[in-house]
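Inspection log for the structure reproduced underneath, given as structure tokens.
The values are calculated or read from the model by the stated rules, or taken from the named source; none is laboratory data. In this text the structure is predicted, and so the values were computed from the model without any measurement. Here the Cβ positions follow ideal geometry from the backbone for every residue, glycine too, while neighbour counts run over all protein chains shown.
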Amino acid sequence: MKKLPLKIAVLVSGRGSNLQAIIDAIERGEIYGKIEVVITNKNDAYALERAKRHNIEGIYVDPSVCKSKGDYDRAIINILENKKVELICLAGFMRILTPYLVNKFKGRIMNIHPSLIPSFPGLDAQKKALEYGVKVAGATVHFVDEGVDSGPIILQSAVHVSDKDTIETLSERILKEEHKIYPQAIKLFAEDRLIVKGRRVFIP
Ligand code: GAR
């Protein structure tokens, strides 16, 4: 029996350029998947516009109506379960997931981060890299565990840092790599080609 397209949810908070890269890769036929829903914690996220343009349902989950982080994540879980989502992609989703959500979808949540993890986890990764003076920076796609940007690494891509770089130019160069490796990681997941053993992710 032919496998059905992978059911994907993308969680976003802003611009949504990674969401766009995933949508484009699906539309080009590179990923055998379907974005069932885009979920956001920001009702003005431009990512919602992108979803709409591609006839993808966008849902704003308002943090102010949830009493706790647990309640918020339960609202998200309801949506994910209703849509029978198989893979959750965090794409600039600026909230830390509760361990409850992480464990419920263990091994089925990915995140993109604009640094070469384990360097510079958390906010403002590109600024931290420049200020530290690294000569090589980059992007990481990883599985999400209970920590911040600490789960098993799936793919990384490096860029050189030049003397002329500003936060903007470096971020732009890293973003181009993000747009390549995120769809690639999702494609590998959809093809069951990511084997996690401890911290290591093998790609047979
Ligand atoms: C991306 O650079 C992503 O790596 C970063 O937010 C940006 C979202 O851009 N995520 C983090 O820093 C998470 N720690 P986008 O909305 O255009 O995809």
Exercise for review: Answer yes if at least one residue in the range 111-134 is away from the ligand (no atom under 16 Å from the Cβ), touching a residue at least 12 places away in the same chain (Cβ under 8 Å), of a type outside the set (A, V, I, L, M, F, W, C) and surrounded by 14 or more Cβ atoms within 10 Å (Cβ to Cβ), and no otherwise.
Suggested key: no
Pairing a residue in the range 16-29 that is touching a residue at least 12 places away in the same chain (Cβ under 8 Å) with any residue that is within 14 Å of the ligand (Cβ to nearest atom) and of a type in the set (A, V, I, L, M), where Cβ atoms lie under 6 Å and the two sit 6 or more apart in sequence or on different chains, gives Gly16/Ala47; Asn18/Ala91; Asn18/Ile112; Leu19/Val10; Leu19/Val12; Leu19/Ala47; Leu19/Ala91
Over the range 53-74, the set of residues within 19 Å of the chain's Cα centre (by Cα), more than 21 Å from Ile186 (Cβ to Cβ) and not β-branched (Val, Ile, Thr) is Tyr60, Tyr72, Asp73
The one condition Val148 fails out of (1) in contact (Cβ under 8 Å) with a residue 40 or more places away in the chain; (2) over 19 Å from Val12 (Cβ atoms) is (2)
Checked against (1) over 15 Å from the mean Cα position of the chain (by Cα); (2) surrounded by 15 or more Cβ atoms within 10 Å (Cβ to Cβ); (3) within 12 Å of the ligand (Cβ to nearest atom), Asp165 satisfies every condition except (3)
By my count, helices (runs of 4 or more DSSP H) wholly in the range 1-102 with at least 2 residues that are over 23 Å from Thr140 (Cβ atoms) are 46-53, 69-82
With the first residue restricted to the range 93-104 and required to be surrounded by fewer than 16 Cβ atoms within 10 Å (Cβ to Cβ), and the second required to be among the hydroxyl-bearing types (Ser, Thr, Tyr), Cβ contacts under 6 Å at 6 or more apart or on different chains are Met94/Ser13
Expected single match for over 22 Å from Val102 (Cα atoms) and either modelled with pLDDT of 95 or more or more than 17 Å from the chain's Cα centre (by Cα) (or both) among Lys187, Lys180, Lys197 is Lys180
The lone condition Ala139 fails out of (1) out of contact with any Ser or Thr (no Cβ under 6 Å at 6 or more places or on another chain); (2) touching a residue at least 24 places away in the same chain (Cβ under 8 Å); (3) within 15 Å of the ligand (Cβ to nearest atom); (4) on the phi < 0 side of the Ramachandran plot is (1)
It is to be established whether one or more residues within the range 98-109 are within 16 Å of the ligand (Cβ to nearest atom), closer than 12 Å to Ala9 by Cα and not aromatic (Phe, Trp, Tyr). yes
Subset of the range 15-37, residues away from the ligand (no atom under 16 Å from the Cβ) and either under 14 Å from Ile88 (Cβ atoms) or basic (Lys, Arg) (or both), comes to Arg28, Gly33, Lys34, Glu36, Val37
_Tell me yes or no: at least one residue of the range 183-203 is among the acidic types (Asp, Glu), in contact with a helix residue (DSSP H, G or I) (Cβ under 7 Å, 6 or more places away or on another chain), within 21 Å of Ala91 (Cα to Cα) and in contact (Cβ under 8 Å) with a residue 40 or more places away in the chain._
no
